[in-house]
1. Classify region 64-130: rounded, prolate or oblate, from the alpha-carbon gyration tensor (a ≥ b ≥ c, eigenvalue square roots; a/c under 1.5 rounded; otherwise prolate if a/b is larger than b/c)?
2. Go through Ala96, Leu9, Ala151 and say which Cα lies farthest out towards the positive end of the charge dipole of the chain; charges sit on Cβ, +1 for Lys and Arg, -1 for Asp and Glu.
3. Any idea what the relative contact order of the chain is, in percent, if you count C-alpha pairs under 8 Å spaced at least 6 apart?
4. If contacts are Cα pairs under 8 angstrom and at least 6 residues apart, what is the relative contact order of region 26-76 in percent?
5. Between Ser8 and Arg204, 0.36 nm times their residue separation minus their Cα-Cα distance comes to what?
6. Using the Cα centre of the chain as the reference point, and only Cβ charges (+1 on K/R, -1 on D/E), how large is the resulting charge dipole? Debye, rounded to the nearest 20.
7. Only four residue types carry charge here, +1 at the Cβ of Lys and Arg and -1 at the Cβ of Asp and Glu. Report the dipole size of region 103-177 about the Cα centre in Debye, rounded to the nearest 20.
8. Determine the relative contact order of region 103-177: mean sequence separation of Cα pairs under 8 Å and six or more apart, normalised by residue count, in whole percent.
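Each value in this text was obtained by applying a stated rule to the coordinates, not by laboratory testing. Remember, it's a predicted structure, so these values are computed and weren't measured experimentally. With ideal geometry, Cβ positions are generated from the backbone for all residues, glycine too; neighbour counts draw on all protein chains shown.
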Amino acid sequence: MLPDTAFSLRKGRVLAVECATEACSVALFQDGALIAGEFRQLGRGHAEALVPMIAALPDRGKADAIVTGLGPGSFTGVRIALAAARALALAWGVRAWGYPTLALIAAMARGDEAVDVLAATTGGHGEWFVQGFGADGGALAPLASLAPQDAAAQGIARVAGSQAQALVDLRGSGEARVLWPDARALMQLPDSALTGDLSPLYGRAPDARLPGGLLPTAA
């Protein structure tokens, strides 16, 4: 749901950033139309790549609002994107917004079709991040980190994301769309997917712990 101040993706100039997975992408839009963007399949190195990618956009990416993926995915990638969004929002005096990365994957796989989509991406410790989304883009169930066999028990036919083919093969049925989230596809998201709460969506507890066994906080 949109918090406090309503915001539309399709008004004004919007900078989009997505670094939650192995891919890293940026895009600049004006009133919903893509001006420029870049997508790189990096695996690692998001911290070194992201700022130069933004700087290479027209006007060095300067926009009226910044929208970034909140995860789940790589802890490092999520935090890099959030740090960049917060820093640029402060420097430019604009608002930063977030969206669930799996919602973007589902929107990309849905396209113009009114179908449900199960997003399935690489998690940690051999698990997969999974979440179902309806034809309107709304979540059908909470985000979960599941063992592959449990993820394959999800009943939605169309599966999208980095583990889509593996899930469909394991289940023995369905339609796989292997893809990674791309900031250039931001306008496929409904405004209802946006939030002003920039808390990371990690999907599971971090592996790293502070002295005394405490978990790191999402600053």
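1. Details: a/c = 4.79, a/b = 1.44, b/c = 3.32.
Oblate shape, in that a/c is at least 1.5 and b/c is the bigger or equal ratio.
2. Ala96
3. Values: 499 pairs, mean separation 48.7, N = 219.
Normalised by residue count, the contact order of the chain is 22 percent.
4. Numbers: 29 pairs, mean separation 15.8, N = 51.
After rounding, I find 31 percent.
5. That pair, Ser8 and Arg204, stretches by 67.6 nm at full extension.
6. Numbers: 17 positive and 20 negative charges, 97 e Å.
Approximately 460 debye in magnitude.
7. Numbers: 4 positive and 8 negative charges, 17 e Å.
Computed about the Cα centre, the dipole is about 80 debye.
8. Details: 154 pairs, mean separation 22.1, N = 75.
In percent, rounded to a whole number, it is 29.
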